[in-house]
Amino acid sequence: METDAKIVERCLRGERAAFEVLVDRYEKLVYNIAYRTLGNLEDAADVTQTVFVKVFERLDTFDPSRKFFSWIFRISMNESLNLVKRRRREVDLDPEILADDPNPEELAAASEAREILRRALPELHSDLRAVIVLRHFEGMSYREIGEVLGIPEKTVKSRLFSARHALRRSLVRLGVGE
Amino acid sequence: MIPDKMIEYMNGEIDGTNSDSESAALREFLRSSEEGRRYLEGLRRIGEAFEAPESVEPPPDLREKILASAEGARTRSREGREARRLLPRSGVRSRGGLVFSFAGGALAGILLFSLLTGWIGEEARENEDRLYGTLGFLDMERDHLRPLRFENGPVVGSAWTTVSDGRRVVAIEIGAEEEVTVEVRAGEGRRFTGASFPKAGASRAEIDGERAACAVEGGSCLCVFALEESDESGSPLLLTIAGAAGTIFEDSIRTE
């Protein structure tokens with residue numbers, strides 16, 4: 001299979017078909033990162049479009065010695081989180097739905113925690129956000145995360161623990177948990 | 001206070017990486033620690049909140065929209081280049097731009113060199129005075145800037161940041177029982193331009209694009225890094241303090 005770096009080279013030479021290969025390879029990944037960050041399919045589609053336009057416009061800044069995955073991943077995270085910041089909104093729980101659920105209070109608390117954590121995610125430094133997303137959204141192991149981000153496994157663990165610690169503080173500060 | 005080892009085991013429990021003996025040790029600890037049980041519950045909520053059952057397929061028309069958007073960007077770029085080609089050439093300006101870039105880089109280099117070596121010329125002194133002036137401001141405003149406070153193992157201190165005179169300054173006040181490294185990462189699009197240590201105790205400053213670091217020899221020290229921001233995203237900065245055995249503390253310094 002052709003490497004990402006080779007495909008980028010071809011894109012920079014003006015080959016339209018090469019860019020289509022990049023889209024085919026990474027469309028689903030970018031879409032899912034956006035969806036899991038934003039929780040909304042329409043927003044995820046918008047962000048995915050924006051990400052690929054940015055990739056196209058900035059392709060000449062990509063360093064071929066780094067992993068393309070890491071590069072597009074960071075652009076996806078940044079664009080998703082920029083939209084989170086622009087669209088901060090309250091969770092609107094439908095009381096009728098809750099009334100039918102056997103554990104409405106638990107459901108409400110879980111939903112509230114999810115919303116708080118989505119809002120807290122942009123507050124993390126990008127290095128901490130990256131490990132959280134790769135671990136929880138993409139289900140990667142410490143070793144895989146280390147390979148993607150180019151950092152030792154020990155650093156992955158350390159950043160993951162720090163990120164969770166910070167997110168946990170957000171939950172406690174806003175009265176969910178403890 | 002939860003021991004670091006137990007926090008490590010709790011994270012391992014969430015990630016499914018604990019050995020049998022580690023899980024057993026954690027269970028033993030949790031039996032008598034309500035604080036530990038609450039902490040673990042908080043971690044579980046994080047795992048549950050971010051868990052997606054499986055990947056979602058993008059809508060079938062998204063690929064065509066992406067390619068159409070990219071084609072639009074390609075057209076705009078070509079039109080822009082064409083427009084610039086038709087404008088009168090401004091070779092002097094572009095050469096001037098290169099000269100200014102080189103001079104700016106040289107000035108930053110001179111400043112950093114003078115700060116690091118203690119040699120202070122007239123211009124470097126003026127820049128250092130500005131940093132000290134900023135420090136005075138920081139000193140007065142510290143309590144209003146929501147500093148990040150930390151106390152972990154051999155280190156204690158606080159970190160805060162503000163914009164003064166058109167550039168961002170990050171200050172880390174640290175007391176350390178052993179030699180540690182202090183590192184601040186600013187993220188994409190931002191660049192550190194200088195460092196200053198008004199009190200003794202720090203050395204080996206490294207300024208490298210989005211990363212600034214120094215060694216703190218133990219005792220009390222104030223590290224100040226100057227940042228040239230090219231965006232207004234308000235993204236936090238990442239502070240990492242590490243000792244010989246690894247990371248001691250890591251957290252975000254808020255910028256807004």
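Residue check: is B:Leu67 at pLDDT 90 or above, over 30 Å from A:Glu115 (Cα atoms) and either touching a Pro at 6+ places or on another chain (Cβ under 7 Å) or surrounded by 11 or more Cβ atoms within 10 Å (Cβ to Cβ) (or both)? Criteria met by B:Leu67. Residues that are among the aliphatic types (A, V, I, L, M) and either closer than 24 Å to B:Val56 by Cα or at pLDDT 85 or above (or both) within the range A:119-148 comprise A:Ala120, A:Leu121, A:Leu128, A:Ala130, A:Val131, A:Ile132, A:Val133, A:Leu134, A:Met140, A:Ile145, A:Val148, listed in sequence order.
Taken over the range A:1-60, residues that are among the basic types (Lys, Arg) and either more than 29 Å from A:Val84 (Cβ to Cβ) or in contact (Cβ under 8 Å) with a residue 60 or more places away in the chain (or both) amount to 5. Quick check on my filter: what residues within the range B:4-47 are away from chain A (no Cβ under 13 Å) and out of contact with any helix residue (DSSP H, G or I) (no Cβ under 6 Å at 6 or more places or on another chain)? Across the range B:4-47, the qualifying residues are B:Ser19, B:Asp20, B:Ser21, B:Ser23, B:Ala24, B:Ala25, B:Arg27, B:Glu28, B:Arg31, B:Ser32, B:Ser33.
The helices (runs of 4 or more DSSP H) found entirely in the range A:126-178 that carry 1 or more residues being among the β-branched types (Val, Ile, Thr), facing chain B (nearest Cβ under 9 Å) and open to solvent by 10 Å² or more (accessible area, probe 1.4 Å) are A:153-173. Within the range B:24-70, being of a type in the set (Lys, Arg) and either part of a loop (DSSP other than H, G, I, E, B) or farther than 17 Å from A:Arg168 by Cβ (or both) holds for B:Arg27, B:Arg31, B:Arg63, B:Lys65. Within the range A:10-32, the set of residues being surrounded by fewer than 16 Cβ atoms within 10 Å (Cβ to Cβ) and either of a type in the set (Asp, Glu) or touching a Cys at 6+ places or on another chain (Cβ under 8 Å) (or both) comprises A:Glu15, A:Asp24.
The values are calculated or read from the model by the stated rules, or taken from the named source; none is laboratory data. Small disclaimer: the values here were computed from a predicted structure and weren't measured. As a convention, Cβ positions derive from the backbone with ideal geometry for all residues, glycine included, and neighbour counts pool all protein chains shown. All accessible areas refer to the heavy atoms of the entire protein, side chains included, with ligands and DNA or RNA removed. Shrake-Rupley method; radii C 1.70, N 1.55, O 1.52, S 1.80 Å.
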